[in-house]
1. Considering only residues of segment 28-84 that are in contact with a Cys (Cβ under 7 Å, 6 or more places away or on another chain) and at pLDDT 95 or above, which is surrounded by the most Cβ atoms within 10 Å (Cβ to Cβ)?
2. Can you name the residue in segment 1-27 that is open to solvent by less than 90 Å² (accessible area, probe 1.4 Å) and more than 18 Å from HIS82 (Cβ to Cβ) and is also modelled with the lowest pLDDT among such residues?
3. With the requirement that a residue be within 24 Å of PRO26 (Cβ to Cβ) and buried (at least 22 other Cβ atoms within 10 Å of the Cβ), what does segment 92-120 give you?
4. Quick one: in segment 46-93, which of the residues that are in a helix (DSSP H, G or I) and acidic (Asp, Glu) is farthest from PRO4 (Cα to Cα)?
5. Would you mind stating whether HIS35 is part of a loop (DSSP other than H, G, I, E, B) and either over 20 Å from ALA117 (Cα atoms) or without any contact (Cβ under 8 Å) to a residue 40 or more places away in the chain (or both)?
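The values are calculated or read from the model by the stated rules, or taken from the named source; none is laboratory data. Keep in mind it's a predicted model, so treat the numbers as computed, not measured. Because the Cβ atoms are built from the backbone with ideal geometry, glycine has one as well, and the counts that use them run over all protein chains shown. Keep in mind that these areas ignore ligands, DNA and RNA; they rest on the heavy atoms of the full protein, side chains included. Shrake-Rupley method; radii C 1.70, N 1.55, O 1.52, S 1.80 Å.
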Amino acid sequence: MNDPTTAVHSLSHISALLCAIARLDPEPAALVDEHGVPRLVHRPQQFDELLEVSLEQPRRYGAGDPVVAARMFQLLHDVALHTGSGGRGDAVREQAARLAASVADEDYDDVERARFAAAARAVDEALSGAPAASA
């Protein structure tokens, strides 16, 4: 990502993919023969690994840009709405905490910090099924 605009556009596409993946059955996909006997079991990437790969560099290099940081929180919120509880929700919650810590290390003013805190709460509320408060 060469600039904040590219980062935001990339994160939007990644968000759509992660939301689709989050809705998939977590069990390994199996190809079955005409009698229903599994013949090939494929181990897909783990959701937490995909989430990490998707956010690691943007979090590291984009946490200092308010638009990129806000888009990462929005990505986590969007994905949280599709994960439900369990391991996938835990992975989203961990990424939200890591993003909040990265943002806390940046030089933001009080208004921006309040906005990010509200975004982090919205992720948590989406994971718990609570309606998000308007920020």
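1. Filtering segment 28-84 for residues that are in contact with a Cys (Cβ under 7 Å, 6 or more places away or on another chain) and at pLDDT 95 or above, the one surrounded by the most Cβ atoms within 10 Å (Cβ to Cβ) comes out as VAL79.
2. Within segment 1-27, the match that is modelled with the lowest pLDDT is ASP3.
3. Within segment 92-120, VAL92, GLN95, ALA96, LEU99 meet the criteria.
4. ASP90
5. So HIS35 fits the description; yes.
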